[in-house]
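The values are calculated or read from the model by the stated rules, or taken from the named source; none is laboratory data. Not measured: the values here are computed from a predicted model. Note that each Cβ is placed from the backbone with ideal geometry, even for glycine, and that neighbours are counted across all protein chains shown. Side chains are part of the model used for accessible areas, which takes the heavy atoms of the whole protein and leaves out ligands, DNA and RNA. Shrake-Rupley method; radii C 1.70, N 1.55, O 1.52, S 1.80 Å.
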Amino acid sequence: NAGVMQNPRHLVRRRGQEARLRCSPMKGHSHVYWYRQLPEEGLKFMVYLQKENIIDESGMPKERFSAEFPKEGPSILRIQQVVRGDSAAYFCASSLSGTDLYEQYFGPGTRLTVT
Amino acid sequence: GEDVEQSLFLSVREGDSSVINCTYTDSSSTYLYWYKQEPGAGLQLLTYIFSNMDMKQDQRLTVLLNKKDKHLSLRIADTQTGDSAIYFCAETDSSASKIIFGSGTRLSIRP
């Protein structure tokens, strides 16, 4: 049973380009969470999605960032017109239920570097 | 708002016990967690405790919760070099829709 998968593991983008980060939840999980970890900091919640719905996006920056979790396929975190401050590790987690957060499993992360 | 705080660094001698402390602000927290992150890796859930418990033990790990003081600790007995990592304290927020993380404690082991 594969765990949460994220790709790419490392992504380098120039300022102004778009970054697309993908997350495939564990089999059977329909709840996905995105977190961002800036260097030397803890993880900060960004967005919580269920299939085709955004449940909580209180941690998402107002501009340039968007997330989706379509009926088929992985969840996508999109960052448009990246800036140096977007350089961070982006972690995805998934759970079977939205209430049992202790069952939230994390992926290995995508490390985004903006040059 | 919710906040989780922990000290940034801890150094212990191999074989000794490590105690990592954490304080949190949300009195309605449902679960409190300890995660481990090794360099360049994702997060591994070490253990969690329900807010109505005082203590949980799992092999070398002991979690103590003082709900009155909003203080959580993780004790690692017989610390080994493989325990070198960053340890994150975390809690669920009052809506139980997301996990709030501390900044992490970097544990280093001296020979």
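Listed values, structure above:
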read-out: Contact surface A-B: accessible area buried, both sides summed, square angstrom, 1.4 angstrom probe; value: 1600
read-out: Stokes-Einstein translational diffusion, segment A:20-70 - Kirkwood Rh over all Cα pairs, 0.890 mPa s, 25 °C, in µm²/s; value: 208
read-out: Accessible surface, per residue, of the protein assembly as shown when the full set of protein chains is kept, probe 1.4 Å, Å²; value: 49
read-out: Cα convex hull volume per residue for chain A (Å³); value: 97
read-out: Rounded FRET efficiency, nearest 0.05, which uses the C-beta distance separating B:Ser51 from A:His10 and R0 of 35 Å; value: 0.40
read-out: Entries of A:Lys51/B:Lys70; A:Lys71/B:Lys67; B:Lys56/B:Lys98 with Cα pairs more than 31 Å apart; value: A:Lys51/B:Lys70; A:Lys71/B:Lys67
read-out: Hydrodynamic radius of segment A:56-115 per Kirkwood, over alpha carbon pairs, in Å; value: 13.3
read-out: Simple Cβ-charge dipole of chain A, Lys/Arg +1 and Asp/Glu -1, about Cα centre, in debye nearest 20; value: 560
read-out: Cβ neighbours within 10 Å from other chains - mean over A:71-79; value: 0
read-out: Chain B: most fluctuating residue of B:Tyr87, B:Tyr48, B:Tyr33 per GNM, C-alpha cutoff 10 Å; value: B:Tyr48
read-out: Rule-of-thumb Rg ratio for segment B:56-111 [Cα; 2.2 N^0.38 Å; N residues]; value: 1.32
read-out: Kirkwood hydrodynamic radius (C-alpha pairs) into Stokes-Einstein, segment B:4-47, 4 °C and 1.567 mPa s, D in µm²/s; value: 101
read-out: Percent antiparallel among DSSP beta bridges (both partners in segment B:7-111, rounded to 5); value: 90
read-out: Charge dipole magnitude, Cβ of K and R +1, D and E -1 - the protein assembly as shown, Cα centre, debye nearest 20; value: 800
read-out: Size descriptor, Kirkwood hydrodynamic radius, that averages inverse alpha-carbon separations across the protein assembly as shown, Å; value: 18.1
read-out: Residues in segment B:80-111 occluded by at least 50 Å² - accessible area, probe radius 1.4 Å, against chain by itself; value: B:Ser97, B:Lys98, B:Ile99, B:Phe101
read-out: Estimated D of segment B:5-95 in µm² per second, where Rh is the Kirkwood radius over Cα pairs and Stokes-Einstein applies at 4 °C, 1.567 mPa s; value: 96
read-out: Cβ-defined net charge surrounding A:Val47, 13 Å radius [Lys, Arg +1; Asp, Glu -1]; value: +2
read-out: Farthest toward positive dipole pole in the protein assembly as shown [+1 Lys/Arg, -1 Asp/Glu at C-beta], among A:Tyr35, A:Leu77, A:Leu49; value: A:Leu77
read-out: Inter-centroid distance (Cα atoms) of segment B:1-40 relative to segment A:56-77, Å; value: 29
read-out: Filter on B:Lys36/B:Lys68; A:Lys44/B:Lys36; A:Lys27/A:Lys62 - keep pairs with C-alpha separation over 22 Å; value: B:Lys36/B:Lys68; A:Lys27/A:Lys62
